[in-house]
């Protein structure tokens, strides 16, 4: 076993393309992360976090599931926890949560992930009426959507301008870790769609791939940039257009990612006080993070919902939760 960095991607990419079949797999490949690697098995992506006050001795924050065969999850996790006994985990699946629970660690729900099975997805029914209305509204208002190749660089000046304006309206900081940052360049197998109205760029969306056995089997909606003057509904209309394209390519899944703190239930040996605080945050602290807007947007797609979890090896108490949220930049 060894620790790898972003400069060692050639060693981990074969495992990523073999086993990276969930929405956060591509997010695990970003500069600043490190990799706990066992040759012949796979790796775990993590962030080394240190703060003079909150984490003076440093903490390790694991991003999502191990990248390996599922039958090797337990082996890889046990070896990792021997090396990093105070590790914290965020946005892990229930399969991983069950293993950590069996190993004696405390598990809390952190939200849900929404995804759609593309070949069986349609816009019928009352639940998806908003999607139909938004798409029709964009058509009436002459919004044109197309896929572009960022490697050509033809729209980069416009894209950067729109993205920077959007970021400024959101506080000026581009998130990383849970949200892989927009690099304004083509990255392997990512897909970019743009929206224009009367020639003006009003929307950008980027999808990250996930893989199984070296084939792209799904995409994750990672980047969304919408102009202030764009008609309401441009973002979901961009997603619907991408879904149509992916469906024609026989792509199986589209993930909208996580809705943090949404529908937190009681499960495993969870920390009750921490759950109460997180539920309070969802209902009352949307000025810090748009929990409700995030969940409402994804709910309109009526996709399949899967629980995601977090775990702190020292227990999911409020101090551990604070360190975790501080490290990943949600608050």
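The values are calculated or read from the model by the stated rules, or taken from the named source; none is laboratory data. The shown structure was predicted, so the numbers you read here are calculated from the model rather than taken from an experiment. In this analysis, Cβ positions are derived from the backbone assuming ideal geometry, glycine residues included, and neighbour counts consider all displayed protein chains.
Could you tell me whether any residue of the range 56-71 is surrounded by fewer than 21 Cβ atoms within 10 Å (Cβ to Cβ), part of a helix (DSSP H, G or I) and touching a helix residue (DSSP H, G or I) at 6+ places or on another chain (Cβ under 9 Å)? Yes.
On the given criteria, is residue 78 over 27 Å from residue 293 (Cβ atoms) and part of a strand (DSSP E or B)? Step through it out loud before you land on a result.
Values: over 27 Å from residue 293 (Cβ atoms): yes; part of a strand (DSSP E or B): no.
No.
Scanning the range 233-268 for residues that are over 23 Å from residue 301 (Cβ atoms) and surrounded by 16 or more Cβ atoms within 10 Å (Cβ to Cβ) yields a count of 1. Residues in the range 1-35 that are part of a strand (DSSP E or B) and at pLDDT 90 or above: 2 in all. Tallying residues that are surrounded by fewer than 16 Cβ atoms within 10 Å (Cβ to Cβ) and farther than 12 Å from residue 325 by Cβ within the range 269-291 yields 11.
Yes or no: residue 131 assigned to a helix (DSSP H, G or I) and outside the structural domain of residue 238 (by TED's automatic domain parsing)? Against the criterion (assigned to a helix (DSSP H, G or I) and outside the structural domain of residue 238 (by TED's automatic domain parsing)), residue 131 does not qualify. Filtering the range 287-319 to residues that are part of a helix (DSSP H, G or I), under 17 Å from residue 125 (Cα atoms) and touching a strand residue (DSSP E or B) at 6+ places or on another chain (Cβ under 7 Å) leaves only 298. Of the residues making up the range 36-61, those that are in contact with a strand residue (DSSP E or B) (Cβ under 7 Å, 6 or more places away or on another chain), at pLDDT 90 or above and on the phi > 0 side of the Ramachandran plot number 1.
Looking across 26, 46, 73, one residue alone is more than 17 Å from the chain's Cα centre (by Cα) and in the same structural domain as residue 107 (by TED's automatic domain parsing). It is 73.
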